[in-house]
1. Pro334 passes all but one of (1) surrounded by fewer than 21 Cβ atoms within 10 Å (Cβ to Cβ); (2) modelled with pLDDT under 90; (3) touching a helix residue (DSSP H, G or I) at 6+ places or on another chain (Cβ under 6 Å); which number fails?
2. For residues that are in contact (Cβ under 8 Å) with a residue 12 or more places away in the chain, open to solvent by 70 Å² or more (accessible area, probe 1.4 Å) and charged (D, E, K, R), tally how many sit in region 26-74.
3. Being at pLDDT 90 or above and open to solvent by 10 Å² or more (accessible area, probe 1.4 Å) is true for just one of Gln358, Gln317. Which residue is that?
4. (1) under 19 Å from Phe23 (Cα atoms); (2) open to solvent by less than 60 Å² (accessible area, probe 1.4 Å): which one isn't true of Asn118, the others all being true?
5. May I ask you to list the residues in region 242-259 that are surrounded by fewer than 19 Cβ atoms within 10 Å (Cβ to Cβ) and either among the aliphatic types (A, V, I, L, M) or in a loop (DSSP other than H, G, I, E, B) (or both)?
6. Yes or no: His69 farther than 26 Å from Gln148 by Cα and either in contact with a Phe, Trp or Tyr (Cβ under 9 Å, 6 or more places away or on another chain) or among the β-branched types (Val, Ile, Thr) (or both)?
7. Would you call Leu179 open to solvent by less than 60 Å² (accessible area, probe 1.4 Å), modelled with pLDDT of 85 or more and within 26 Å of the chain's Cα centre (by Cα)?
8. Please specify each residue of region 127-149 satisfying the condition of being free of Cβ contacts under 8 Å to residues at least 60 places away in the same chain and farther than 23 Å from Ala219 by Cα.
Amino acid sequence: MAESEEEVDVLVQRVVKDIANAFKKNPSIDEIGVIPCPEARYNRSPIVLVENKLGVESWCVKFLLPYVHNKLLLYRQRKHWLDREALVDITCTLLLLNPDFTTAWNVRKELLQCGVLNPEKDLYLGKLALTKFPKSPETWIHRRWVLQQVLNQVSTLDHNKNQQQAEAVQADAERNEQLGDRLARTLRQEMKVCSDAAGRYPSNYNAWSHRIWVLQHMARGNVKVFHDELSSMRLWVSMHVSDHSGFHYRQFLLKELIAEICKRPARTSTSCSPQRGCSTVPEGSRPHGRSHSNGEPSGQEAGGEEDGRADFTTVLQLFHQEMDLCSDLIQSFPGHETLWSHRRHVFYLWDQWVREHQHSYSRGSDCKLNHVTDPDPGVPEISSQSCAGHSVNGQKHAGEPMEVDGLFLPDPHNSKRLKRGVLLPCPPTLPTELSFVSSVLGGCCNTEQRHFALAYRKWLDTVIGLQS
């Protein structure tokens, strides 16, 4: 083993070069690690490359890390000169062993701004560092900075394209396609990196926060991306029922989806009168007797009604599916506080959404969008059984339009609506939640499950009940 300072320098320089050569030999390395090895047993390099895995024998780390650390500090203090290639190799080695060394990331920022590095290479280095240190905050911060540079480049190219639109239309179309493919590929890669890091470290707040940032900056307004994320995360949270960060991410996705659905433009019909002014009337809110002189609703009114109904149905289905997921997980994995906290948050979101949009969905109508608590006495409402086609108060109502929270299902006498009608799922209400809690308590053998169920029922009575 090397003992003198000169021998250590030679050894470390050889190891740094071996790491750089390993990346040149195999650009598809996807994981790094330290191999437990107290001392050098053979006269060979301590860098081990097997398939796509890169390992460093532990005996050389105590020489390697201080060496590259001191070299970089001397460079920043202008006491030692390093060329750009040496800077790239030293910072790469240092960050693979200690990714929370901010100075090394700052040096790579400068190299990236000078054009020595490209963003993809820095993202790749960060991805490797996260396989060993999945919670490294400095690595996540640097990734966001690099991604912001990518977004700035795309914005700059888009601005230049608009200024030279008349010069090269075909080239612009090809460039747009390339930029879109690049952003889509980067987005997929970031989602994969976040998923891997979350799987390696439980409740990895840094990874989930980064995932939220990526969607906010690279997929804002893209309902399909948010919906795909919500669907793909269903399996993950089912396998990590105690990971609150994953459920918090689902809450973020749910809120973003609802916000995007509710702000879709031009989805309502408008009626004006000199006395009342202009009023926007969403679907399902006009009385059924209102029509034009020919007895049929106008195309604008029908379109607004269909759009409003579609928006409400989408939101209702999102909440219904999320509450179903909570019910399944709570019953399958009793005693997990994270599941009850998530259910509480989702039901609170639904309650607030109903309160905020009640006026929008009931203006100018004989019916109203009820709260999730007790219905108004003067408003006919069906129970959870009647949603499935059962009788109400012992009598069948097959010939009447069925109402779910104030919105009518397709009228059987209207053939056009009958063809398009879809049976809405039962909305979450305070009685259904209390019934769920009672069913859990009735067959509960787990002490913690009983405690969480009682706490949830108390929250329903004190928070939701008092707001009604």
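The values are calculated or read from the model by the stated rules, or taken from the named source; none is laboratory data. Remember, predicted model here, so these are calculated numbers, not experimental data. Here Cβ is always computed from backbone atoms with ideal geometry, including for glycine, and neighbour counts include all displayed protein chains. All accessible areas refer to the heavy atoms of the entire protein, side chains included, with ligands and DNA or RNA removed. Shrake-Rupley method; radii C 1.70, N 1.55, O 1.52, S 1.80 Å.
1. Single failed check for Pro334: (2).
2. 2
3. Working: Gln358 fails: at pLDDT 90 or above.
Going through Gln358, Gln317 in turn, just one is at pLDDT 90 or above and open to solvent by 10 Å² or more (accessible area, probe 1.4 Å): Gln317.
4. Tallying (1) under 19 Å from Phe23 (Cα atoms); (2) open to solvent by less than 60 Å² (accessible area, probe 1.4 Å), Asn118 fails exactly one: (2).
5. Passing the criteria: Ser242, Leu257, Ala259.
6. Values: farther than 26 Å from Gln148 by Cα: yes; either in contact with a Phe, Trp or Tyr (Cβ under 9 Å, 6 or more places away or on another chain) or among the β-branched types (Val, Ile, Thr) (or both): yes.
Yes: the conditions hold for His69.
7. Working: open to solvent by less than 60 Å² (accessible area, probe 1.4 Å): yes; modelled with pLDDT of 85 or more: no; within 26 Å of the chain's Cα centre (by Cα): yes.
Against the criterion (open to solvent by less than 60 Å² (accessible area, probe 1.4 Å), modelled with pLDDT of 85 or more and within 26 Å of the chain's Cα centre (by Cα)), Leu179 does not qualify.
8. First, pick out the residues of region 127-149 that are free of Cβ contacts under 8 Å to residues at least 60 places away in the same chain: 133, 138-139, 141-142, 145-146, 149.
Once the filter is applied, which keeps residues that are free of Cβ contacts under 8 Å to residues at least 60 places away in the same chain and farther than 23 Å from Ala219 by Cα, region 127-149 yields Phe133, Glu138.
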